[in-house]
Amino acid sequence: MDEQRHIPLPLKYRPNNFAELIGQELMAQTIKNAIKLNRIANAYLLTGVRGVGKTTTARIIAKALNCNEVTLGNGEFKEPCSKCDNCIAIGESRSIDVLEMDAASRTGISDIRELIDGVQYAPVSSNYKVYIIDEVHMLSNAAFNGLLKTLEEPPKHVKFIFATTEVRKIPATILSRCQRYDLKRIEPHELSDFFKSICDKEAVPIEDGALKIISRAAEGSVRDGLSLLDQAIAYSESNITEALVKDMIGLNDPIEILNLVSLLMEGQTLAALEKLNLLYEGGADPLLILRDLIHFVHYLTLFKVDAAESLKLSHTEAEFKAFEELATKLQVGTLSMVWQMLHKGLGEVSNTFSPISALEMLLIRIAYTADIPHPNELIEEISRIIEEDETLAVETTPAQKQSSVPKIDPKVQEIIDFFPGAEVETSDN
Ligand SMILES: [Zn+2]
């Protein structure tokens, strides 16, 4: 067997052209049309969360403009070949005419001056000089001003492509001179399909559950997902199983987390703490447990409003069923209150010397509160008692009525005490 150098999957399967770019069809089509009609904007601004393919798209645009095999403006669109000198140089970030800069590390006016120094000179071996500036929002005000002068009247042979995760930090003067594209987060099912195709190409069998977990953990980023997949391939001996991926990511078992939610909602404080400790001893990070809890309470709420269909794509069948079952036992009001409490606890758990004790305190608080009936239930309960009381007043002797007074449910009493000042309107007044 010949030793082959391992190429990381994110690099090996980095899209080379628009057709290979997943999840950004609309943007790809618009830019392809512009290239076809030779109506290419002077500056493009690509926005989106990390890992959605902004830099990759920028390089694809640069290739499409400068590929030796492409004739621009002949009314046809041709994907860049990825084989000519220009394409290869751009792919390896060493093209003499495509200049890249990361504004995260070079924010000053002198950096910008250095970059656009040769802006007036024609490209050496390409159609265009393309300037790609990543994380452009990091530029200083002076740097933006320096850039603006060129953006206002760029030479014909110059194109700018900016990428950013924080578009709000870009001055309006720059924004108004760019054609903006918002790259969308890639959906878990799109990622899942893509990762499956990669596994097929790599001849690595993978369980459906494992694919779903990786796609979910990637949080919309192809690059992050591919890194995880790479790791899973290295980690597995033959096929990639769900258990292996869970173990690898240090992911909490969703069913275990759901059990924890269920215990909390039932007010089973001790059992909930025991469950938490089991997870903790098993190596789970308190902050991750809390994040899962927040996600899961959100998911359960989606079930209550019939909006959970999309979860089928990111969860296994068993998990989906477990969510569905638990949701039927819960009320939207309680779920929403618990979600708020969990969310507030996020700061407490992440900013303390002992995250596990902060999480314990939070769960105790929730177990005590979640079990208390929702105010609506309470009003119903009180109305029922009052009604009964009135019936008794008519039909019973004063002695019998006296004996019926302490009939208030201890839970109801608890909530009356919990909301001091709360008044229940009775028909007596
Ligand atoms: Zn080419």
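Structure notes:
- Prolate is the label for region 202-343, because the ratio a/c of its alpha-carbon gyration tensor axes (a ≥ b ≥ c) is 1.5 or higher and a/b is greater than b/c.
- Counting Lys and Arg as +1 and Asp and Glu as -1 over every other residue whose Cβ lies under 15 Å from the Cβ of Y128, the net charge comes to +4.
- For the chain, built as a Gaussian network whose Cα springs stay under 10 Å, the top-fluctuating residue of L278, L302, L287: L278
- Prolate/oblate/rounded call for region 1-134, Cα gyration tensor, a/c under 1.5 rounded: rounded
- Reach of K184 by Cα under 13 Å, taken over aspartates and glutamates that are not fewer than 8 positions away in the same chain: E25, E219
- Region 1-68 versus region 284-313: alpha-carbon centroid distance in Å: 33 Å
- Note on region 254-370: lysine pairs with Cα distance below 17 Å, sequence gap of 8 or more or different chains, count 5.
- Cα gyration tensor category, rounded, prolate or oblate, for the chain with a/c compared to 1.5: prolate
- Relative contact order computed over the chain (Cα-Cα under 8 Å; 6+ residues apart), in percent: 13 percent
- Local electrostatic count at N68 - Lys and Arg +1, Asp and Glu -1, tallied over other residues with Cβ under 15 Å: -1
- Local electrostatic count, N145, Cβ distance below 12 Å [Lys/Arg +1, Asp/Glu -1]: +1
- For region 340-356, backbone phi angles converted through the Karplus equation (6.51, -1.76, 1.60; θ = phi - 60°) give residue-by-residue couplings of 4, 5, 4, 5, 5, x, 4, x, 4, 6, 7, 10, 9, 6, 9, x, 5 Hz, Gly and Pro being listed as x.
- Computed about the Cα centre, the dipole magnitude for the chain is approximately 2820 debye when only Lys and Arg (+1) and Asp and Glu (-1) carry charge, each at its Cβ.
- Charge dipole (the chain, unit charges on Cβ, about Cα centre) - positive-most of F296, A58, M341: A58
- Listed by chain and number, the aspartates and glutamates placed with their C-alpha closer than 12 angstrom to that of K12 are E202, D230; residues fewer than eight positions away on the same chain are left out.
- Mean separation of Cα contacts under 8 Å, 6 or more apart, over the residue count of region 49-205: relative contact order %: 23 percent
- A DSSP coil position with no more than 11 other Cβ atoms inside 10 Å describes the following trypsin sites (Lys or Arg not before Pro) in region 282-360: K329.
- Amide H to amide H distances under 5 Å link I240 with I206, E207, where only residues 5 or more positions off or on other chains count and H is placed in the peptide plane.
- Cross-link partners of K129 among lysines, defined as those whose alpha carbon lies under 23 angstrom from its own and excluding same-chain residues fewer than eight positions apart: K32, K36, K54, K63, K78, K83, K149, K156, K159.
- Rounded to the nearest 500, the 222 nm mean residue ellipticity of the chain from helices alone is -17000 deg cm²/dmol, with -39,500 (n - 2.57) taken per DSSP H run of at least 4 residues.
- Of the GluC sites (Glu not before Pro) found in region 1-84, the ones in coil according to DSSP and having at most 12 other Cβ atoms within 10 Å of their Cβ are E3, E76.
- Distance between the C-alpha centres of region 114-133 and region 165-229: 30 Å, rounded to the whole angstrom.
None of the figures in this text is laboratory data; all of them are computed from the coordinates on show. Worth saying up front: this structure is predicted, and the values here are computed from it rather than measured. In this analysis, Cβ positions are derived from the backbone assuming ideal geometry, glycine residues included, and neighbour counts consider all displayed protein chains.
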